[in-house]
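> Here's a structure for you.
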């Protein structure tokens, strides 16, 4: 099951990040995150290092600004999908499992979102998944925080 979820998250990330013009750099443009919500600079540096080293399967924490909201993936397991841009310029596709955690219904471009989850590398920045509790209790718990509410 875990291998399936990992494969699904990578596939979601690959699909979502390849709808642009094929530019291998960051396809998304936005102003930088200016008002951080509990960002730990060391965590943001860890994400930068993971991106540069093409590392995956890393627990990370940080925050960013929503720059794109994508359609939900409606095949089980269902995922709410959106793109965050971190202050360091890295973009993350968030694949938030809405079969296991509450959906962020009032999410808008420009909103700040804090997160804890698992980072998977891709050439556009990465995919963040496992932003929820593991019902089996075998994986580290993750979460999303938006407007003072925690989703997990």
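The values are calculated or read from the model by the stated rules, or taken from the named source; none is laboratory data. Source: prediction; values computed, not measured. No Cβ is skipped: glycine too gets one built from the backbone with ideal geometry, and neighbour counts run over all protein chains shown.
> Just one of (1) outside any loop (DSSP other than H, G, I, E, B); (2) in contact (Cβ under 8 Å) with a residue 24 or more places away in the chain; (3) surrounded by fewer than 16 Cβ atoms within 10 Å (Cβ to Cβ) trips up residue 83, so point out which.
Evaluating residue 83 over (1) outside any loop (DSSP other than H, G, I, E, B); (2) in contact (Cβ under 8 Å) with a residue 24 or more places away in the chain; (3) surrounded by fewer than 16 Cβ atoms within 10 Å (Cβ to Cβ) leaves (3) as the failure.
> Go through (1) in a loop (DSSP other than H, G, I, E, B); (2) surrounded by fewer than 21 Cβ atoms within 10 Å (Cβ to Cβ) one by one and return the number of the condition residue 68 breaks.
(1)
> Could you list, in sequence order, all residues of segment 86-103 that are within 16 Å of residue 143 (Cα to Cα) and part of a strand (DSSP E or B)?
92, 93, 94, 95, 96, 97
> Quickly run through segment 119-152 and pick out the residues that are out of contact with any helix residue (DSSP H, G or I) (no Cβ under 8 Å at 6 or more places or on another chain), in a strand (DSSP E or B) and crowded, with 16+ Cβ neighbours inside 10 Å.
128, 143, 144, 145, 146, 151
> Follow-up question, since we're still on this one. Which of the numbered conditions does residue 72 fail, given that it passes all the others? Conditions: (1) within 23 Å of residue 139 (Cα to Cα); (2) at pLDDT 90 or above.
(1)
> Which condition from (1) surrounded by fewer than 21 Cβ atoms within 10 Å (Cβ to Cβ); (2) in contact with a strand residue (DSSP E or B) (Cβ under 9 Å, 6 or more places away or on another chain); (3) more than 22 Å from residue 147 (Cβ to Cβ) is the one that residue 102 breaks?
It fails just one condition, (3).
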